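Since the structure comes first, as structure tokens, the remarks are kept for the end.
The values are calculated or read from the model by the stated rules, or taken from the named source; none is laboratory data. The model shown is predicted, which means the values in this text are computed figures rather than measured ones. When we count neighbours, we look across all protein chains shown, and the Cβ atoms used for this are built from the backbone with ideal geometry, even at glycine.
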Amino acid sequence: MYSGYDAGASQFAGGGFMPSPAPAGDTTGQSPKKFGSQSQTLRAVTVKQLLEGTNNTGDDQYKVDGVELQNITLVGKLVDVKQFETNLTYILDDGTGKVEIKFWLDNDEGDQVQQRLQQYRVGMYVRAHGHVRSFQNQKSVVAFNLRAITDYNEVTYHLLQCVFQHVHLTKGASSGRPPAAAAGPTTAAPAGQPAAASVPATNNNMAGGDGMSNVQRDACALFNSPDANASESGISLEQVIGSLNSKYPVTDIRAAVDFLVNEGHIYTTVDDVHFKSTAF
């Protein structure tokens, strides 16, 4: 591991700015935006895996462990930050290599550029979500999500997740039976959709030790459920509302889903009202 990688938890400064996507529940008067029929899975990778990814088609469809990459997530330390007219370019080092992370700017983001430059500084650890691109045989990541890391456990978790996914894809899943899920009522789902498990009622909406309110935590639990993980499209906002509307106002549920998107816990899949957890 290179000498510039400081693995100490004291490196974490906290804070971070997230680009704000359109509210997940704001679909009034329009159909959900379709993202195409291709797989929208999220893959945790190291920089070394990314740089060694293969491409036999000549386009930007790279494979790691024989599986095509769509959405990827990287964790590492920022070692350089540059501002250009159309993008902010970060160099991320995770101890296995360095890669360029590009965050493209909209014309109306002038005020937010300086905020991003102040929030994402050299020496900070970040998690990036994005797509792999190549220009003149040099791979880079076009980020659609960037978040500062404040707990070093997330770095360890990411590396373990990379190892787990690599072993799972190259050596196969365990032949043993998975642990049985706890029995409980489920909310009916539309045909072809996974059922979202109901969450036991609570008496308040106070934040817990993880920094989430009860409605945010319950919504996150639905996205992390086995049914949601088994479905390529995840679960829909409608299903989440159907599971939680007996406990919380619909506006609070929509706000909770927006929170989970903004914090990088979930991402959109087949359209802008279906989501899947980044934990898988």
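Structure summary
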item	result
Among the candidates Asn245, Asn224, residue that is surrounded by fewer than 18 Cβ atoms within 10 Å (Cβ to Cβ) and out of contact with any strand residue (DSSP E or B) (no Cβ under 6 Å at 6 or more places or on another chain)	Asn245
Single match in Asn137, Asn87 (criterion: more than 21 Å from Thr278 (Cα to Cα) and surrounded by fewer than 14 Cβ atoms within 10 Å (Cβ to Cβ))	Asn137
Of residues in the range 49-67 being aliphatic (A, V, I, L, M) and within 20 Å of Leu160 (Cβ to Cβ), the one modelled with the lowest pLDDT	Val67
Test: residue in the range 24-38 that is at pLDDT 50 or above and either surrounded by 12 or more Cβ atoms within 10 Å (Cβ to Cβ) or not in a strand (DSSP E or B) (or both)	no
